[in-house]
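One structure below.
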Amino acid sequence: MSKYTLPSLPYPYDALEPHIDARTMEIHHTKHHQTYVDKLNAALEKHPELFEKPLEDLLRDPKQVPEDIRQAVINHGGGHHNHSLFWLVMAPAGKGGGREPNGSLAEEINQKWGSFEKFKEEFTGAALGIFGSGWTWLDIFEGKLKICTTKNQDSILMENKIPILNLDVWEHSYYLKFQNRRNEYLEAWWNVINWPQVEENFKKTK
Ligand code: MN3
């Protein structure tokens, strides 16, 4: 049995400055994400045989998780899984982050949305439209690229979707720098999207 641990970030906390500030990154990673990891471990300790199963399997089909810890696994397992992707789909502007997508991903985005700008508008609109806490996603569903949103820390694996890119729109991801101005956070975030990683995620689904 091995417990879940907090993955380290592939860049320093200040790497996404000035778009995402170092203090927010540090608290988000060492406090918020760490808490999801700790609470996931605490829940699974009540049914330690579940440590043997991949987290993705538990999130894809939470009915296999005993009822007494099911919601905790959805919340904290989802939180751990969502954040683990989120750190990887960001990169410092100019070091992978911030350009536009290339290759087959760019082609499919253009096919579906007409242009990168239209895609960006729809994604941003979806993120602005989340009432309360949640995530916005670019994902593959039934073989096609889609934009969707989820509430709380729900995993899109529960909906049989494959995540390609995700954006945390919980206030804890922007409040220190942007306070209530989610729109400014969204605008800043486009500068640090790690498109090479997102292209990899997309290629793996083909
Ligand atoms: Mn978060």
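The values are calculated or read from the model by the stated rules, or taken from the named source; none is laboratory data. This is a predicted model, so every value here is computed, not measured. Counting neighbours? That spans all protein chains shown, and the Cβs are built from the backbone with ideal geometry, glycine included. The protein model used for the area step is the full one, side chains on, heavy atoms only, and it has no ligands, DNA or RNA in it. Shrake-Rupley method; radii C 1.70, N 1.55, O 1.52, S 1.80 Å.
Can you list the lysines whose alpha carbon is less than 23 Å from that of residue 112, not counting same-chain residues fewer than 8 positions off?
120, 144, 146, 161, 203, 204, 206
Can you give the convex hull volume of the alpha carbon atoms of the stretch 110-165 per residue, in Å³?
68
P(r) of the stretch 69-108 in 5 Å steps, Cα pairs, percent per bin?
Result returned by the calculation: 6, 18, 15, 16, 15, 11, 11, 7, 1.
List the aspartates and glutamates whose Cα sits under 12 Å from the Cα of residue 46, skipping any in the same chain fewer than 8 residues away.
67, 68
For the chain, what does -39500 (n - 2.57) per DSSP helix run (n ≥ 4), summed and divided by total residues, give at 222 nm, in deg cm²/dmol to the nearest 500?
Helix-only estimate at 222 nm: -11500 deg cm²/dmol.
Between residue 23 and residue 122, what length in nm is gained on full extension when 0.36 nm per residue of separation is reduced by their alpha carbon distance?
Additional length available on full extension: 32.7 nm.
Would you mind telling me the share, in percent, of accessible area of the stretch 22-88 contributed by carbon and sulfur at probe 1.4 angstrom?
It is 50 percent, rounded to a whole number.
Can you give the accessible area of residue 81, probe radius 1.4 Å, in Å² rounded to 10?
40
What area, in nm² and to one decimal, does the C-alpha convex hull of the stretch 22-88 cast on average over all directions?
4.4
In the stretch 1-87, which trypsin sites (Lys or Arg not before Pro) fall in coil by DSSP and have 15 or fewer other Cβ atoms within 10 Å?
Those satisfying the criteria are 3, 46.
Run the Debye formula on the Cα coordinates of the stretch 66-145, all scatterers equal and no solvent, and tell me log10 I(q)/I(0) at q = 0.15, 0.21, 0.24 1/Å.
-0.75, -1.20, -1.32
Where does the stretch 103-204 land on Rg/Rh, using Cα atoms and the Kirkwood Rh?
Taking Rh as the inverse mean 1/r over Cα pairs, Rg/Rh reads 0.95.
Please calculate how many Å² of accessible area the stretch 6-117 carries per residue, with a 1.4 Å probe and no DNA, RNA or ligand atoms counted.
Computed with neighbouring chains in place, this is 49 Å² per residue.
Can you give the extra length, in nm with one decimal, that the chain gains between residue 34 and residue 180 once fully stretched, where that is 0.36 nm per residue apart less the Cα-Cα distance?
50.2 nm
Which value in Å does the Kirkwood hydrodynamic radius of the chain take, with 1/r averaged over all unlike C-alpha pairs and then inverted?
17.5
What dipole magnitude, in Debye to the nearest 20, does the chain give about its Cα centre under +1 on Lys/Arg Cβ and -1 on Asp/Glu Cβ?
80
Could you point to the residue in 32, 20, 66 farthest towards the positive end of the stretch 10-154's charge dipole, with +1 and -1 charges on the Cβ of Lys/Arg and Asp/Glu respectively?
20
Given 10 °C and 1.306 mPa s, how large is the Stokes-Einstein diffusion coefficient of the stretch 145-206 in µm²/s, with Rh as the Kirkwood radius over Cα pairs?
D = 119 µm²/s.
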